[in-house]
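Questions regarding the structure given below will be posed in turn.
The values are calculated or read from the model by the stated rules, or taken from the named source; none is laboratory data. Quick caveat, the model's predicted, so the values are computed rather than measured. Cβ atoms come from the backbone with ideal geometry, glycine included; neighbour counts cover every protein chain shown. Please note that ligands, DNA and RNA were not included when accessible areas were found on the heavy atoms of the full protein model with its side chains. Shrake-Rupley method; radii C 1.70, N 1.55, O 1.52, S 1.80 Å.
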Amino acid sequence: MRRGVAIAAVCLCLLSAGCTGLFGDDTAHRETVTPAPVPTADAPTSPVQRAPGVVGDRVVDATALGRAHVSALSNTSYRVHHTRTVMNGSGLQKRVRTRASISAGYESYTATRTISGQSVTPRAVHSTWRDGRALRRTTVNGSTSTEVVADSRGIGGPPRSPRAALFFEPTFNARLRALFSATNITSIRPGDEVIKQLYGVSLYRIKGTGSADSSAVATRPVDRVSNVSLSATVTPNGIVRSYALQYTAVSGTDTRRVTEILRYSDLGTTDVVFEDRHHGNRTTRPD
């Protein structure tokens, strides 16, 4: 728990140190990637090795980097944390916070998303995949509804795969490819000892300022984007362990400051814990 708080604090510090100023639609871009043989998540590698798609101080192939990221995460358990915060002149306009615990091979998971802010109706979505069945519980204005999103046997719901039944793409592959393709990368350097201790593995820090394609950074087509600042950490075998992004979005007379933070933790050690709302029990599915 302390490690997770520390990592989140480091992400925020990275932003404040280098900024001049995704969560887009709930319809996530899902991509099918054929798993390729990859090293065990965060396995020790040569310190001079660069992640797939990275050459020197440039990300030359964001697609290759995304494939390595997706493939590695498919073979291990992990927790994913993503927050997108939109601020305007009157304060918090919208915040979308997503958390998930996922077992190796997506055999089980729990995921929760909360939406809050001045411009939205508060909303919470909780989704689980357990014993071949996906349930989704949605709460709006204190009213909760539950539905069977998928059932591997086709009983009560369509026979969808676990990832297809989830309300977001947990690897954020499309978002990562867009950011690494559009942001002007200014440096790729080994992380310092503090970063190594926090993540328990040697990795690289990628920094970028400005964007060659603001439409790829924006999550709404009507937005004009400026003051882009990106800081990310990437392992030599291609797992994007975190990114912190800030940018200014302008639409008409509306100016907003957008912050996104994504991080992956507990790779290979995540337990998926299910809440039994009827009996108050907690059931744990180890990786």
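Quickly run through segment 219-236 and pick out the residues that are surrounded by fewer than 23 Cβ atoms within 10 Å (Cβ to Cβ), among the hydrophobic types (A, V, I, L, M, F, W, C) and modelled with pLDDT of 90 or more.
Matches in segment 219-236: VAL225 only.
Hey, could you check segment 106-128 for residues that are closer than 18 Å to TYR264 by Cβ and among the hydroxyl-bearing types (Ser, Thr, Tyr) and say which is surrounded by the fewest Cβ atoms within 10 Å (Cβ to Cβ)?
THR112
If I filter segment 107-114 for residues that are in a strand (DSSP E or B), among the hydrophobic types (A, V, I, L, M, F, W, C), out of contact with any Asp or Glu (no Cβ under 9 Å at 6 or more places or on another chain) and closer than 30 Å to ALA244 by Cβ, do I get at least one hit?
yes
Here's a follow-up. Any chance segment 90-105 includes a residue that's part of a loop (DSSP other than H, G, I, E, B) and surrounded by fewer than 19 Cβ atoms within 10 Å (Cβ to Cβ)?
Yes, that holds for at least one residue.
In segment 70-83, how many residues are in contact with a strand residue (DSSP E or B) (Cβ under 7 Å, 6 or more places away or on another chain) and either charged (D, E, K, R) or over 16 Å from TYR199 (Cα atoms) (or both)?
3
Among ALA244, ALA212, which is in contact with a strand residue (DSSP E or B) (Cβ under 7 Å, 6 or more places away or on another chain) and modelled with pLDDT of 95 or more?
Being in contact with a strand residue (DSSP E or B) (Cβ under 7 Å, 6 or more places away or on another chain) and modelled with pLDDT of 95 or more holds for just one of ALA244, ALA212, which is ALA244.
Moving on to the next point. Step by step: first the residues of segment 186-208, then only those that are crowded, with 18+ Cβ neighbours inside 10 Å and at pLDDT 90 or above, then the one that is nearest to GLY56 (Cα to Cα). Which residue is that?
The extreme case among them is ILE188.
Next question, about the same structure. Of the residues that make up segment 61-71, is at least one open to solvent by 70 Å² or more (accessible area, probe 1.4 Å) and either in contact with a Leu (Cβ under 8 Å, 6 or more places away or on another chain) or modelled with pLDDT of 95 or more (or both)?
Yes, segment 61-71 contains at least one residue that is open to solvent by 70 Å² or more (accessible area, probe 1.4 Å) and either in contact with a Leu (Cβ under 8 Å, 6 or more places away or on another chain) or modelled with pLDDT of 95 or more (or both).
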